[in-house]
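J.: Got a structure for you, questions after.
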Amino acid sequence: MVVPLTPPRIAALQEALAAVAADVDRVARRSRDPVSFVHAEERDDDREIVALLAAQLAFGNVTTILAKVDDVLNRLKRHGKTPTVALDVLVDPAGDGSRLAALLVDFKHRVFIGADVAALLAGGRLLQRNYGSLGAAFAHAWRATGETSAALALARFCDELRALGKFPPRGDPTRRGASHLLPDVARGAGAKRLFLFLRWMVRPSDGIDLGIWDFSPAHLLIPVDTHIHKVARNLGFTDRNDASLTTAIEITNALRALDPQDPVRFDFSLCHLMMKGDCKEEAIPEICEGCPLRPVCCHHEAPASKTEKATRRRPRT
Ligand code: SF4
């Protein structure tokens with residue numbers, strides 16, 4: 001059910017989402033989130049590379065994700081004191097990343113193999129060399145695509161990264177992981193991990209996001225994982241069942257009504273609220289009782305409508 005965003009509804013949602021944000025222990029949560037690896041770096045070029053790696057590997061169980069990102073970074077550390085220094089040793093100026101691929105040859109995470117991760121890191125580092133930073137490469141993609149859509153700009157940014165990193169051609173049956181590691185946003189993929197990477201780089205520094213790119217957060221799109229999809233349905237932002245780009249746009253448009261300048265600012269808090277796993281997407285008193293979203297949840301009647309019903313039911317005298 002999609003609920004119309006009337007002014008009273010918007011005000012109630014703003015209040016409830018602020019309560020969610022206030023309720024989440026961000027520091028404790030960050031230590032169990034892949035973004036913690038990004039905060040561990042001191043230089044922006046290293047932060048960009050680690051963010052790209054950590055976001056794109058953020059697929060599956062969080063404990064495994066943290067172990068896999070750590071594994072790649074530890075391998076890089078054998079060749080340089082920071083990730084970009086190591087990549088400069090392992091990827092030559094002509095783009096030959098065979099030493100990097102050899103370093104990761106036995107790496108595997110879900111459908112991703114070492115060659116896929118090597119292509120991602122080599123492409124990222126070569127983009128940095130060409131433009132000065134990944135932020136500058138993205139800004140170039142933004143201008144080149146008409147400054148209309150972050151998804152379009154991301155698609156172009158990824159095309160360039162794929163070419164530099166020598167990703168295999170799309171449809172190569174031996175390298176399905178490569179196209180999954182860097183999905184094609186232009187083809188409608190939800191690309192939640194790419195939107196997450198963008199959020200980390202763009203949103204103002206708040207202890208989670210880092211705000212190192214000069215780009216307006218107003219253009220960001222929500223990364224739709226299972227948790228955000230669930231909460232968006234509970235709040236009446238969408239009734240779509242897929243995690244496509246269309247769904248991400250629909251949910252972001254609803255959030256934009258609450259905060260046009262920073263529509264995805266509640267992403268981290270909402271995601272971590274749902275990660276607790278209590279919500280069953282139905283009204284269960286013992287679960288919903290303490291939920292900060294209860295006043296605006298579609299599975300509960302709004303207090304106003306209850307009052308209206310009671311008024312309607314009252315016998316005439
Ligand atoms: S009120 Fe209940 S159903 Fe609604 S979001 Fe919270 S836990 Fe889920």
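The values are calculated or read from the model by the stated rules, or taken from the named source; none is laboratory data. As the structure is a prediction and not an experimental result, all values here were calculated from the model. Cβ sites come from the backbone with ideal geometry, for glycine too, and all protein chains shown count toward neighbours. For accessibility, only protein heavy atoms count, side chains too; no ligands or nucleic acids. Shrake-Rupley method; radii C 1.70, N 1.55, O 1.52, S 1.80 Å.
J.: Can you tell me which residues in region 284-293 are within 6 Å of the ligand (Cβ to nearest atom) and free of Cβ contacts under 8 Å to residues at least 40 places away in the same chain? It would help to see each step written out before you state the result.
T.: Within region 284-293, the first condition is being within 6 Å of the ligand (Cβ to nearest atom), and the residues that meet it are 287-288, 291, 293.
Once the filter is applied, which keeps residues that are within 6 Å of the ligand (Cβ to nearest atom) and free of Cβ contacts under 8 Å to residues at least 40 places away in the same chain, region 284-293 yields Ile287, Cys288, Cys291.
J.: Restricting to region 255-283, count the residues that are assigned to a helix (DSSP H, G or I) and away from the ligand (no atom under 15 Å from the Cβ).
T.: Initial filter on region 255-283 (assigned to a helix (DSSP H, G or I)): 255-258, 267-275.
After this cut, where a residue has to be away from the ligand (no atom under 15 Å from the Cβ) as well, the list is 255-258, 267-268.
The qualifying residues number 6.
J.: Identify all residues within region 235-249 that are more than 14 Å from the chain's Cα centre (by Cα) and surrounded by fewer than 20 Cβ atoms within 10 Å (Cβ to Cβ); write none if there are none.
T.: Gly236, Asp239, Arg240, Asn241, Asp242, Thr246
J.: Next up: Report whether or not Asp209 is touching a Phe, Trp or Tyr at 6+ places or on another chain (Cβ under 8 Å), more than 16 Å from the ligand (Cβ to nearest atom) and either open to solvent by less than 40 Å² (accessible area, probe 1.4 Å) or not hydrophobic (A, V, I, L, M, F, W, C) (or both).
T.: Yes.
J.: Further, regarding this structure: Return the pairs, sorted by first residue and then second, in which the second residue is hydroxyl-bearing (Ser, Thr, Tyr), the first residue lies in region 156-173 and is closer than 14 Å to Phe138 by Cα, the beta carbons are less than 8 Å apart, and the residues are 6+ apart or on different chains.
T.: Going by the 8 Å Cβ cut-off, the qualifying pairs are Arg156/Thr145.
J.: Going through region 169-192 one residue at a time, which ones are part of a loop (DSSP other than H, G, I, E, B) and crowded, with 17+ Cβ neighbours inside 10 Å?
T.: Within region 169-192, Leu182, Pro183, Ala189, Gly190, Ala191 meet the criteria.
J.: Just to be sure, is Gly95 touching a residue at least 60 places away in the same chain (Cβ under 8 Å) and outside any helix (DSSP H, G or I)?
T.: Taking the combined requirement at face value, the residue satisfies it.
J.: Which residues, taken from region 207-235, are of a type outside the set (Val, Ile, Thr) and without any contact (Cβ under 8 Å) to a residue 40 or more places away in the chain?
T.: Listed by number, the residues that qualify are Gly211, His229, Ala232.
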